[in-house]
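The values are calculated or read from the model by the stated rules, or taken from the named source; none is laboratory data. Keep in mind that what you see is a predicted model, and the values were worked out from it rather than measured. Neighbour counts run over all protein chains shown; Cβ positions are idealised from the backbone, glycine included. Ligands, DNA and RNA are excluded from the accessible area calculation, which covers all protein heavy atoms including side chains. Shrake-Rupley method; radii C 1.70, N 1.55, O 1.52, S 1.80 Å.
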Amino acid sequence: MTRSTLALLRDFVPIRPLTREEAMRIAELQAARMRELLGLDDDALPTSAIADLPRIQVEYVNALPVSGATHWANGRWLILINSSEPETRQRFSLAHEFKHILDHRFIDVLYQHIPEQDRSAYIEYICNYFAGCLLMPRRALKRVWGEGIQRPRRLAAHFDVSEAAV
């Protein structure tokens, strides 16, 4: 029996409070490993890379008051994405919500040392960092930068993300 992608990505996480640097490094390692497990190259990530995983269901909702949300229900993860936002934002939100799924099991341990009033913003920052790493891997970003793609608009187009994400 092979282990699930979720289990393999969760293996990177030590079950203890993480410093900010550790949380960011683990997020980057998880993103790189996910791309490797799925056989993806260094360029634009197809949304199917997440949507086609077992026990993950993605729904696009027009009237969603937030960019994305994640919920465990009926034996699967449901990721809701705001379909009224630009497609590049939807891709980022999907990757961001996937990181919430990765961290869910141990969220109270990993970030317990962060003051409660700051915890939510801290977790959102780590999820954003993961989304950036998954959609724009460091190696690919350095490669295309060296090839002369250095303006935010061109980088965004290359990786199919927003300029804000770049």
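Of 88, 47, the order by accessible heavy-atom surface (1.4 Å probe, DNA, RNA and ligands excluded), from most exposed downward, is 47, 88.
Along the charge dipole of segment 1-87, Cβ charges K/R +1 and D/E -1, which of 60, 6, 38 sits furthest on the positive end? Selected residue: 6. According to the calculation over all Cα-Cα pairs in the chain, the P(r) per 5 Å bin from zero is 1, 9, 17, 21, 21, 16, 10, 4, 1, 0 %.
For segment 8-85, give me the percentage of DSSP beta bridges that are antiparallel, rounded to the nearest 5 percent. Bridges in segment 8-85 are about 50 percent antiparallel.
Which order do you get for 147, 163 if you rank them by accessible area with a 1.4 Å probe, largest at the top?
The residues order as 147, 163, largest area first.
Label sites at residue 25 and residue 72, each approximated as a point 7 angstrom past Cα along Cα to Cβ, lie 2.8 nm apart. Sites listed here are trypsin sites (Lys or Arg not before Pro) in segment 55-162 whose DSSP assignment is loop and whose Cβ has at most 16 other Cβ atoms within 10 Å: 55, 105. Dipole size of segment 64-106 about its Cα centre, with +1 on Lys/Arg Cβ and -1 on Asp/Glu Cβ: approximately 120 debye, rounded to the nearest 20.
I want to make sure I understand the PRE zone here: with the label point 7 angstrom from the Cα of residue 124 toward its beta carbon, which residues in segment 59-86 have backbone N atoms less than 18 Å away? In segment 59-86, the label zone of residue 124 (backbone N under 18 Å from the point 7 Å along Cα→Cβ) covers 64-71, 80-83, 85-86. Rounded to the nearest 20 debye, the dipole magnitude of segment 36-166 is 240 debye, with +1 charges on Lys and Arg beta carbons, -1 on Asp and Glu beta carbons, and the Cα centre as origin. Using a probe of 1.4 Å, the accessible surface attributed to residue 116 totals some 150 Å² when neighbouring protein chains are kept in position. Over all pairs of different C-alpha atoms in segment 36-107, the reciprocal of the mean inverse distance, the Kirkwood hydrodynamic radius, equals 12.8 Å.
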